[in-house]
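Read-outs throughout are calculated quantities, based only on the coordinates presented, and are distinct from any laboratory measurement. None of the values given here were measured: they were computed from a predicted structure. In this analysis, Cβ positions are derived from the backbone assuming ideal geometry, glycine residues included, and neighbour counts consider all displayed protein chains.
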Amino acid sequence: MIPEYVLAAGCASLLSLFGVAFRKIDHADRRMDALELKVAENYVTKQEFREQFMELFRVLNRLEDKIDAHVGENRMLIEQVRRKHPN
């Protein structure tokens with residue numbers, strides 16, 4: 001028959017191993033939650049993405065108008081672009 005102190009020591013060591021494993025899993029879970037929160041804070045919404053692209057397209061259209069006016073020799077077009085886009 002196994003002495004009681006050996007049985008108690010075996011149970012205690014088994015439970016401590018479960019405790020250590022649980023603590024490691026809990027720690028990893030908390031780190032994952034913190035990482036998810038940090039990543040989610042930096043996401044861009046679809047609406048913000050669309051707004052930025054619309055602004056980019058507006059700037060590109062202005063640039064294209066200016067280039068067309070300076071490359072061409074149509075004085076009316078050049079003056080029209082200068083009035084439309086003063087800078």
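Could you tell me whether any residue of region 39-56 is part of a helix (DSSP H, G or I) and either in contact with a helix residue (DSSP H, G or I) (Cβ under 7 Å, 6 or more places away or on another chain) or in contact (Cβ under 8 Å) with a residue 24 or more places away in the chain (or both)?
In the first step, residues of region 39-56 are kept if they are part of a helix (DSSP H, G or I); the result is 39-41, 46-56.
Okay, now just the ones that are also either in contact with a helix residue (DSSP H, G or I) (Cβ under 7 Å, 6 or more places away or on another chain) or in contact (Cβ under 8 Å) with a residue 24 or more places away in the chain (or both), so none.
Scanning region 39-56, I find no residue that is part of a helix (DSSP H, G or I) and either in contact with a helix residue (DSSP H, G or I) (Cβ under 7 Å, 6 or more places away or on another chain) or in contact (Cβ under 8 Å) with a residue 24 or more places away in the chain (or both), so the answer is no.
Check whether at least one residue in region 10-25 is surrounded by 10 or more Cβ atoms within 10 Å (Cβ to Cβ), out of contact with any Gly (no Cβ under 9 Å at 6 or more places or on another chain), among the basic types (Lys, Arg) and without any contact (Cβ under 8 Å) to a residue 24 or more places away in the chain, and report yes or no.
Checked against the condition, which is being surrounded by 10 or more Cβ atoms within 10 Å (Cβ to Cβ), out of contact with any Gly (no Cβ under 9 Å at 6 or more places or on another chain), among the basic types (Lys, Arg) and without any contact (Cβ under 8 Å) to a residue 24 or more places away in the chain, region 10-25 yields at least one hit.
Could you tell me whether LYS66 is exposed (fewer than 10 other Cβ atoms within 10 Å of the Cβ), of a type in the set (Lys, Arg) and not in a loop (DSSP other than H, G, I, E, B)? Step through it out loud before you land on a result.
Details: exposed (fewer than 10 other Cβ atoms within 10 Å of the Cβ): no; of a type in the set (Lys, Arg): yes; not in a loop (DSSP other than H, G, I, E, B): yes.
Judged against the criteria, LYS66 is not a match.
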